[in-house]
C-alpha cells in the first residue's frame, strides 16, 4: 500500500473540520434569524388581534353581526391585515376579505380551536382563499361571565419574511464560502509549519542511519519541534559514542576468539547464528564471516550437531557430547554447550564450543562402527541370557535370597535390552522400507479388538477400562501387523501413564477424501506443551525418572511415527497437563469402504 505524505493526511482533516464548523455556525445563524423574524411577526399579529378584540367586544355582547363584519373590513383595510371573527360553533360572522355568509365553518382550524378553548392559537399554512402562505393568530373574546363569545383572528402574509429569509440565506452562504476559503489557506500554512520541519528531521535521521553523525538538525521555532530537534542531535552524539565503543569491544572480542584453538558458535533461542569464529568455520566447513543471523539448519548440514544444539536450547543447562561430522574427511568433535545469557542474566540462546578430537576418537569410532554392525548379532546372545536366567529362576533351583534377587535383576535388564534391540531393529526395517509395505484389506474393528486384547492384561492390573468406538464394517488397505503394533504402543503408553481406575478410549473417524483417523485418548498425567514437538524423537523422555520407573525403551512413539509414515499418514498429539493426552493417527489417501461383514 502506497504511503501518503503527512501533509495530505493532515490537510483534508483540517479542511473537513473547518467546513463542518462553518456549516454548523451558518445553519445556527440562519435558524436563529428565522426564528426571530417569525417571533416578531407573531407578536405583531397577536397585538393586532388584541386591538381588534377591544373594538369587537361591545358588538359581540349585543350580537350585532353586520356591524362586526363592517368593523373587520374597515380595520383590516386600514391595518393591511386580514381579520376574522368566528363564533364558538365555528360560524364566521366577520371577515375583512370575504363575505361571511359564503364562508365555510372554521371550527376545524387549529388556531381557532385553541382560541375557542380559551387559549391563544397560532398556525402557519397556505390560504386557499388568498392563495398565499399566511400566519394566523387567534385570541378568545370572553364575556362578563368569562364565557368565550367568539374567536378573534388576525393574519398577515409571510411573503415578505420569506423574501427576507432568502436574501439572508444568500448573504450567510456567501460569508461561509469566503470564510471557508480563508480558513483553507490558513490550514495550508499551519500544516506546512508542521510538515516542513518534520521532513528536515526525517532527512537528518537518514543521515544518522547512514553513519553521518556530524549532521545536525537546526533549531525550530515551536517548543515541541525544537525539543525533538535537540533530542535527535543528542541521540546522534550518543549513538556515535556508543558505536565507537562497540566497535572497539568487537575488535577485542574478535582478536580473542580468533586466537582460540576451539571453535565457538553462539546461537539464539530461534536457532539463528549470532557468531561463529574462524576455528568453528574450519571445523564445520563454512565461511564464518557470512553466517550471522542465518538459521543453523541452513549453514550447518550435520544433523547430529543440529540435534545437539536443539538439546542445549531445550535443556537450558550445560551439555557435553561427542559428535561425528561426516563429509570428505570424517571428523570427531567434542561439543560442549551452555546457556548464553545477556547482561540481565536472561537466557538468549546457547554457546557451543567445538574441539576437534579426530585422532583421539579414532579407536572409539572403530568401536562405534562395531556396535552398529553387530546389532543383529546381539539378539541371539541376549535371547540366550534370558533363557538361562528364566531356567535359573525356575522352581528346580534353590537359590539363596541374594542370588535370586540378582537373577531377577539380570532377567529384568536383559528383557529391557532385548526390547530396545527389538525396537531398534523395527525402526531399522521401517526406515529401509521407505513406505513400501505390503497392504491388504483389513477390518479395522477386528484389528483394534485384537490390539485391545493384547493390552488387556496391563489394563486389568490397573483396573483401566478400554473403550472402543469404531464403525462396524470399516475396511482399510493397511499392513495389519504394523498398524496393530502402533496402536498397541499407544495403548501401552496410555495405560502406563494413567492412574488406576481410569478410562482409555479409542475412536475411529472416517473423514472425507479417504482419510481415516484413529484417536487414542487417556486420562493420564498429561504432557507440557514444550515437550510435544520432540515427543516422537528416539529416546526422548518427558520425565526421565518416571519413564525409567514405568519401564519402556523410549522408542515406542518413534515406531508409531514411522508406521504412520509408511502408510502415507501422520501422527499428532494434543495434551493438557493433569487431564490427559490424545494421540491421533491419520492415514492420508487410505481407501476405505463399508462391507456387509458379519
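The values are calculated or read from the model by the stated rules, or taken from the named source; none is laboratory data. Every value quoted in this text rests on a predicted model; they were computed, and no experiment measured them. With ideal geometry, Cβ positions are generated from the backbone for all residues, glycine too; neighbour counts draw on all protein chains shown.
The conditions are (1) under 17 Å from residue 65 (Cβ atoms); (2) without any contact (Cβ under 8 Å) to a residue 24 or more places away in the chain; (3) part of a loop (DSSP other than H, G, I, E, B), and residue 101 fails exactly one of them. Which is it?
Among (1) under 17 Å from residue 65 (Cβ atoms); (2) without any contact (Cβ under 8 Å) to a residue 24 or more places away in the chain; (3) part of a loop (DSSP other than H, G, I, E, B), the lone unmet condition for residue 101 is (3).
Return yes or no: is residue 136 free of Cβ contacts under 8 Å to residues at least 60 places away in the same chain and part of a strand (DSSP E or B)?
The answer is no for residue 136.
Please determine, by comparing only the residues of the range 557-577 that are part of a strand (DSSP E or B) and buried (at least 20 other Cβ atoms within 10 Å of the Cβ), which one is modelled with the lowest pLDDT.
569
Going by what's in this entry, would residue 499 be described as closer than 12 Å to residue 585 by Cα, at pLDDT 85 or above and outside the structural domain of residue 313 (by TED's automatic domain parsing)?
no
Give me a count of the residues in the range 253-268 that are surrounded by fewer than 19 Cβ atoms within 10 Å (Cβ to Cβ) and under 15 Å from residue 306 (Cβ atoms).
1
If only one of 175, 154 is more than 40 Å from the chain's Cα centre (by Cα) and not assigned by TED's automatic domain parsing to the domain that holds residue 112, which one is it?
It is 175.
Check the range 101-109 and report whether any residue there is in the same structural domain as residue 59 (by TED's automatic domain parsing), modelled with pLDDT of 90 or more, closer than 18 Å to residue 60 by Cα and touching a strand residue (DSSP E or B) at 6+ places or on another chain (Cβ under 7 Å).
no
Select from the range 337-354 the residues that are in contact with a helix residue (DSSP H, G or I) (Cβ under 8 Å, 6 or more places away or on another chain) and touching a residue at least 40 places away in the same chain (Cβ under 8 Å) and write down the one among them that is surrounded by the fewest Cβ atoms within 10 Å (Cβ to Cβ).
Looking at residues that are in contact with a helix residue (DSSP H, G or I) (Cβ under 8 Å, 6 or more places away or on another chain) and touching a residue at least 40 places away in the same chain (Cβ under 8 Å), I get 349.
Of these, 510, 489, 463, 493, which one is farther than 16 Å from residue 580 by Cβ, assigned to a helix (DSSP H, G or I) and either at pLDDT 85 or above or under 39 Å from the mean Cα position of the chain (by Cα) (or both)?
None of the other options fit; the residue is 489.
Quick one: how many residues across the range 288-312 are assigned to a loop (DSSP other than H, G, I, E, B), under 18 Å from residue 325 (Cα atoms) and more than 35 Å from the chain's Cα centre (by Cα)?
3
Considering only the range 513-531, state which residues are within 21 Å of residue 477 (Cβ to Cβ) and not in a loop (DSSP other than H, G, I, E, B).
Across the range 513-531, the qualifying residues are 515, 516, 517, 518, 519.
Taking residue 499 as meeting all but one of (1) surrounded by 20 or more Cβ atoms within 10 Å (Cβ to Cβ); (2) closer than 14 Å to residue 580 by Cβ, write down the number of the exception.
Just one mismatch for residue 499, condition (1).
Check off (1) touching a strand residue (DSSP E or B) at 6+ places or on another chain (Cβ under 9 Å); (2) modelled with pLDDT of 80 or more; (3) surrounded by fewer than 15 Cβ atoms within 10 Å (Cβ to Cβ) for residue 483 and give me the number that stays unchecked.
Tallying (1) touching a strand residue (DSSP E or B) at 6+ places or on another chain (Cβ under 9 Å); (2) modelled with pLDDT of 80 or more; (3) surrounded by fewer than 15 Cβ atoms within 10 Å (Cβ to Cβ), residue 483 fails exactly one: (3).
Taking the range 269-283, which residues are crowded, with 19+ Cβ neighbours inside 10 Å, under 41 Å from the mean Cα position of the chain (by Cα) and either outside the structural domain of residue 324 (by TED's automatic domain parsing) or not in a strand (DSSP E or B) (or both)?
Hit for the range 269-283 is 277, nothing else.
Being in a strand (DSSP E or B) and either in contact with a strand residue (DSSP E or B) (Cβ under 9 Å, 6 or more places away or on another chain) or outside the structural domain of residue 38 (by TED's automatic domain parsing) (or both) narrows it down to one of 113, 124, so name that one.
Sole residue among the options that is in a strand (DSSP E or B) and either in contact with a strand residue (DSSP E or B) (Cβ under 9 Å, 6 or more places away or on another chain) or outside the structural domain of residue 38 (by TED's automatic domain parsing) (or both): 124.
Matching residues to (1) modelled with pLDDT of 65 or more; (2) within 27 Å of residue 309 (Cβ to Cβ); (3) surrounded by fewer than 17 Cβ atoms within 10 Å (Cβ to Cβ):
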| residue | (1), (2), (3) |
| --- | --- |
| 529 | yes, yes, yes |
| 538 | yes, yes, yes |
| 543 | no, yes, yes |
| 549 | no, no, yes |
| 555 | yes, yes, no |
| 579 | yes, no, yes |
| 589 | no, no, yes |
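Taking the condition of being touching a helix residue (DSSP H, G or I) at 6+ places or on another chain (Cβ under 9 Å) and not in a helix (DSSP H, G or I), how many residues in the range 31-80 meet it?
Final tally of qualifying residues: 1.
Against the definition (more than 19 Å from residue 101 (Cα to Cα), crowded, with 16+ Cβ neighbours inside 10 Å, at pLDDT 85 or above and in the same structural domain as residue 148 (by TED's automatic domain parsing)), how does residue 53 come out, yes or no?
Here the answer is yes, as residue 53 does meet what is asked.
Restricting attention to the range 239-248, does a residue exist that is touching a helix residue (DSSP H, G or I) at 6+ places or on another chain (Cβ under 7 Å), touching a residue at least 12 places away in the same chain (Cβ under 8 Å), in a helix (DSSP H, G or I) and surrounded by 12 or more Cβ atoms within 10 Å (Cβ to Cβ)?
Within the range 239-248, one or more residues are touching a helix residue (DSSP H, G or I) at 6+ places or on another chain (Cβ under 7 Å), touching a residue at least 12 places away in the same chain (Cβ under 8 Å), in a helix (DSSP H, G or I) and surrounded by 12 or more Cβ atoms within 10 Å (Cβ to Cβ).
Based on this model, can you work out whether residue 224 counts as surrounded by fewer than 16 Cβ atoms within 10 Å (Cβ to Cβ) and at pLDDT 75 or above?
no
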